[in-house]
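K.L.:
Before we start, here is the structure in question, set down as structure tokens.
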Amino acid sequence: MKKIFILSAFIALVIFSSCKKELEVQGPPVGSGPVTITVTTPTPAEAISSNQVYNFTGTINAPKGFRSGYLKVFNQTYLITGSNSVVNFLIPVVIQENLTVGLPVSYTIHAVDFDDNVQDFSGEFTVTQSLNASIIRPVSGVSAALMAGLSGDFMLRVNYDQAPTAIKVFITFDAGNVQIFDFNLVNPDEFYLDPTDAKGSHIAKKTILIPSSINAGIYDYVFEVTTPVETIALAQKVEVTKISTLFVIGDATTALWDINNPIPMTNIAPNQFNKSITLNGTPGGFKFVLAAGSWTVNWGTSETTPLTMGTEYTLVPNGGNLMVADTGDYVITVNFETNTFKIDAFSPPTTLFLVGGSTPAGWDPNSALPFTMLSAGVFQIYSPLDAGGGGYKFLPTFGSWTGDWGQKVGEAGKLIQEGEENCPVTESGFYRITVDFNTMTFVALKTSWGIIGDATIGAWTTDTNMVYVGGAEPYTWELTNYTYTAASFKFRANDAWTVNFGDDGANGSLEPNGANIPITAGVHTVRMTLAPTGYTYQVLP
């Protein structure tokens, strides 16, 4: 037994050794010899111009496999990567502009192989003055967003020994569509010495109108500076946004000419605005400003007489005052995509209808539910709303989507007609919806109903809750088989008197804040129906 055990152990050892050899992980290339570093550029004692990107190049030879390396210059470390025995490197380095001319600058290249052999190469170069045109940096870039439809300044700081013969900026706003703008080098507004810079750099500035039609985004542009001996280019990016604010100001408005309190317009779509507003007739006037508190960017008109309703006019930067002939309510529409504005007389609708997936009508305009008009421009309706139905909208005409109204994106309760979203429903329930075209707002109040009065056990202090019927009777609430005393009652919402109904004519119809409703003693079922066709109640039997 002992011999068999020893033999088995020997066989197992042989098998394990064989498997171990087969499973051995192969390492990096294995050769012989030390690590060597050969530098191609800079050459020994090379003079390099400041304020440029210079490429350090060379080769690292590591027969036992290159593990890691770096270049260190100007107290900055640049990693060298590779996976072979021979690694060719090219490392772009920005040569600083504030170095002393003629002073040697040292650098080190460090390399390690897989046997932890280390090799360092030390070299140096000298710095000469930057020659010809030398682009220091752009003055404006991606951090200074421009607005489509407005002018923006493209600015470049330039140092040179030989004066530039041309400076251009190439802007790519659309794929394949490069626009070229030349700087006027004899115009002191476009090329001038920077008085704040002790080194005597020049500023090149080109004011360019950003097309209003382009989309918001980040776009490429290139500065190109040409001298008698060279051309240098610098690629940059610029962020373009759409105009997101616009205000109305002037004697024709309630803001008068108070620049700190202009009247905000509604941003209905990118670069588009509207506003329902009361304007005073001539001689009052008004203008548009980009920002409260600043006249820097403003628009007016070239017209000198009152504007014609419904006519599109061209927006004129720093133009004259806009005027209307008569005092009244108007809708102002501004479109920077077309650089136009127009004014229409505003008349609130005389009818209004509710439609939407969250309502009993669905999205069929031919099933839309009629509002009740409370006063000129003010409408109200009671309706169940479903949070899972996708919301609702308002129609001025039954059976038609023309001129529909919704909510301004991102502004709850704000009523707009163009660029709107569906009015949202965050919680299912029975709502009172009030729409006011005088303030261009709507309010959806969720309600839960009860009965209150001296005919109930709670008297005039505590409500007795009703139950929502729903289903085939989506507008009905009821309190079944309740014992009343001979007295009176009313209906009210949310345990408060803010919203309540009574019956002024004792005829079964309900009026807001109406008279108390008498009831006989006994067990009754009371039903309340707040349908779009009318508000009624029943006492059964």
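K.L.:
So M309 clears everything in (1) closer than 25 Å to N438 by Cβ; (2) in contact (Cβ under 8 Å) with a residue 40 or more places away in the chain except one condition, right? Which one?
P.N.:
Exception for M309: condition (2).
K.L.:
Let me confirm something: among P317, P365, which residue is at pLDDT 95 or above and at negative phi?
P.N.:
Of P317, P365, the one residue that is at pLDDT 95 or above and at negative phi is P365.
K.L.:
If you take the residues of the range 370-389 that are in a loop (DSSP other than H, G, I, E, B) and loosely packed, with under 14 Cβ neighbours inside 10 Å, which of them is modelled with the lowest pLDDT?
P.N.:
To start, the set of residues in the range 370-389 that are in a loop (DSSP other than H, G, I, E, B) comprises 371, 376-377, 386-389.
Next, only the ones that are loosely packed, with under 14 Cβ neighbours inside 10 Å stay: 376, 387-388.
Working: A376: 87, A387: 97, G388: 95.
Only one residue tops the list, namely A376.
K.L.:
Go through the range 498-520 and give me each residue that's more than 13 Å from Y535 (Cβ to Cβ) and not aliphatic (A, V, I, L, M).
P.N.:
The first filter runs over the range 498-520 and keeps only residues more than 13 Å from Y535 (Cβ to Cβ), leaving 498, 506, 515-516, 518-520.
Answer for the range 498-520, where residues must be more than 13 Å from Y535 (Cβ to Cβ) and not aliphatic (A, V, I, L, M): T498, N516, P518, T520.
K.L.:
Right, next: Condition check: surrounded by fewer than 18 Cβ atoms within 10 Å (Cβ to Cβ) and small (G, A, S). Does G300 satisfy that?
P.N.:
Here the answer is no, as G300 does not meet what is asked.
K.L.:
Any idea which residue in the range 501-525 is nearest to V539 (Cα to Cα), counting only those that are in a strand (DSSP E or B) and free of Cβ contacts under 8 Å to residues at least 24 places away in the same chain?
P.N.:
So, considering only residues that are in a strand (DSSP E or B) and free of Cβ contacts under 8 Å to residues at least 24 places away in the same chain, the one nearest to V539 (Cα to Cα) is G502.
K.L.:
Continuing with this model, one more query. Give the range 390-407 a look and list any residue that's in a loop (DSSP other than H, G, I, E, B) and hydrophobic (A, V, I, L, M, F, W, C), or say none. Break it down stepwise before answering.
P.N.:
Within the range 390-407, the subset in a loop (DSSP other than H, G, I, E, B) is 390-391, 396-404.
Residues satisfying the conditions are F398, W401.
K.L.:
Would you call T350 free of Cβ contacts under 8 Å to residues at least 24 places away in the same chain and in a loop (DSSP other than H, G, I, E, B)?
P.N.:
yes
K.L.:
Are there strands (runs of 3 or more DSSP E) fully within the range 31-121 with at least 1 residues that are surrounded by 15 or more Cβ atoms within 10 Å (Cβ to Cβ), hydroxyl-bearing (S, T, Y) and touching a strand residue (DSSP E or B) at 6+ places or on another chain (Cβ under 8 Å)? List them. Steps first, answer last, please.
P.N.:
Working: elements: 36-41, 47-49, 52-61, 66-73, 76-80, 86-95, 104-113.
Qualifying strands (runs of 3 or more DSSP E): 47-49, 52-61, 66-73, 76-80, 104-113.
K.L.:
Go through the range 313-336 and report how many residues are among the aromatic types (F, W, Y) and not in a strand (DSSP E or B). Can you show your working first?
P.N.:
Keep residues of the range 313-336 that are among the aromatic types (F, W, Y), which gives 313, 330, 336.
Then keep just the ones that are not in a strand (DSSP E or B); that gives 336.
The number of residues fulfilling the criteria is 1.
K.L.:
Quick one: in the range 358-369, which of the residues that are farther than 18 Å from F442 by Cα and touching a strand residue (DSSP E or B) at 6+ places or on another chain (Cβ under 9 Å) is surrounded by the fewest Cβ atoms within 10 Å (Cβ to Cβ)?
P.N.:
Of everything passing the filter in the range 358-369, D364 is surrounded by the fewest Cβ atoms within 10 Å (Cβ to Cβ).
K.L.:
Moving to a separate point now. Looking at this structure, is E303 within 21 Å of A148 (Cβ to Cβ) and assigned to a loop (DSSP other than H, G, I, E, B)?
P.N.:
Taking the combined requirement at face value, the residue does not satisfy it.
K.L.:
Taking the range 273-291 only, how many residues are surrounded by fewer than 17 Cβ atoms within 10 Å (Cβ to Cβ) and touching a strand residue (DSSP E or B) at 6+ places or on another chain (Cβ under 6 Å)?
P.N.:
1
K.L.:
Just for the range 337-347: of the residues that are within 31 Å of the chain's Cα centre (by Cα) and part of a loop (DSSP other than H, G, I, E, B), which one is surrounded by the fewest Cβ atoms within 10 Å (Cβ to Cβ)?
P.N.:
Filtering the range 337-347 for residues that are within 31 Å of the chain's Cα centre (by Cα) and part of a loop (DSSP other than H, G, I, E, B), the one surrounded by the fewest Cβ atoms within 10 Å (Cβ to Cβ) comes out as T338.
K.L.:
Right, something else. So for the range 450-469 (the condition being modelled with pLDDT under 95 and of a type in the set (G, A, S)), does at least one residue qualify?
P.N.:
There is no residue in the range 450-469 that is modelled with pLDDT under 95 and of a type in the set (G, A, S).
K.L.:
Taking the condition of a type in the set (S, T, N, Q) and under 29 Å from K275 (Cβ atoms), does N422 pass?
P.N.:
Answer is yes for this residue.
K.L.:
Here's something else I'd like to know. Tell me the strands (runs of 3 or more DSSP E) entirely within the range 139-207 that contain at least 3 residues that are over 25 Å from G217 (Cα atoms) and modelled with pLDDT of 80 or more.
P.N.:
191-193
K.L.:
Considering only residues of the range 416-472 that are over 27 Å from the mean Cα position of the chain (by Cα) and of a type in the set (D, E), which is nearest to M265 (Cα to Cα)?
P.N.:
Only one residue tops the list, namely D436.
K.L.:
Can we say P306 is touching a Lys or Arg at 6+ places or on another chain (Cβ under 6 Å) and modelled with pLDDT under 95?
P.N.:
On the way: touching a Lys or Arg at 6+ places or on another chain (Cβ under 6 Å): no; modelled with pLDDT under 95: yes.
When the stated conditions are applied, P306 does not pass them.
K.L.:
Output yes when any residue across the range 409-424 is β-branched (V, I, T) and surrounded by 17 or more Cβ atoms within 10 Å (Cβ to Cβ), and no when none is. Write out each step before concluding.
P.N.:
First, pick out the residues of the range 409-424 that are β-branched (V, I, T): 409, 416.
Keeping just the survivors that are surrounded by 17 or more Cβ atoms within 10 Å (Cβ to Cβ) gives 416.
For the range 409-424, residues β-branched (V, I, T) and surrounded by 17 or more Cβ atoms within 10 Å (Cβ to Cβ): present.
K.L.:
Next question. Tell me yes or no: at least one residue of the range 4-27 is surrounded by fewer than 17 Cβ atoms within 10 Å (Cβ to Cβ), outside the structural domain of T231 (by TED's automatic domain parsing), modelled with pLDDT of 90 or more and not basic (K, R).
P.N.:
no
K.L.:
Could you list, in sequence order, all residues of the range 445-485 that are on the phi > 0 side of the Ramachandran plot and not in a strand (DSSP E or B)? Don't jump to the end; show me each part of the working.
P.N.:
The first filter runs over the range 445-485 and keeps only residues on the phi > 0 side of the Ramachandran plot, leaving 453, 459, 470-471, 481.
Scanning the range 445-485 gives G453, A459, G471.
K.L.:
I'm trying to understand the selection: among the residues of the range 478-499, which are surrounded by 14 or more Cβ atoms within 10 Å (Cβ to Cβ) and in contact (Cβ under 8 Å) with a residue 40 or more places away in the chain? Reasoning before the result, please.
P.N.:
Taking the range 478-499 as the starting set, the residues that turn out to be surrounded by 14 or more Cβ atoms within 10 Å (Cβ to Cβ) are 478-479, 482, 484-485, 487-494, 499.
Residues satisfying the conditions are E478, L479, Y482, Y484, F491, R492, A493, N494, V499.
K.L.:
Looking at T245, is it touching a residue at least 24 places away in the same chain (Cβ under 8 Å), touching a Pro at 6+ places or on another chain (Cβ under 8 Å), of a type in the set (V, I, T) and surrounded by fewer than 15 Cβ atoms within 10 Å (Cβ to Cβ)?
P.N.:
yes
Here's the yes/no breakdown for (1) acidic (D, E); (2) in the same structural domain as V331 (by TED's automatic domain parsing); (3) buried (at least 19 other Cβ atoms within 10 Å of the Cβ); (4) in contact with a Leu (Cβ under 8 Å, 6 or more places away or on another chain):
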{"site": "I203", "(1), (2), (3), (4)": "no, no, no, yes"}
{"site": "L209", "(1), (2), (3), (4)": "no, no, no, yes"}
{"site": "Y221", "(1), (2), (3), (4)": "no, no, yes, no"}
{"site": "T226", "(1), (2), (3), (4)": "no, no, no, no"}
{"site": "L234", "(1), (2), (3), (4)": "no, no, no, yes"}
{"site": "A252", "(1), (2), (3), (4)": "no, yes, yes, yes"}
{"site": "P264", "(1), (2), (3), (4)": "no, yes, no, yes"}
{"site": "I268", "(1), (2), (3), (4)": "no, yes, yes, no"}
{"site": "N271", "(1), (2), (3), (4)": "no, yes, yes, no"}
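K.L.:
Still on this structure, I have one more. In the list A269, A233, which residue meets the criterion of being of a type in the set (G, A, S) and either over 30 Å from K168 (Cα atoms) or modelled with pLDDT of 90 or more (or both)?
P.N.:
Going through A269, A233 in turn, just one is of a type in the set (G, A, S) and either over 30 Å from K168 (Cα atoms) or modelled with pLDDT of 90 or more (or both): A269.
The values are calculated or read from the model by the stated rules, or taken from the named source; none is laboratory data. Only a predicted model underlies this, so the values are computations on that prediction, with no experimental measurement involved. So basically every Cβ, Gly included, is an ideal-geometry build from the backbone, and we count neighbours across all protein chains shown.
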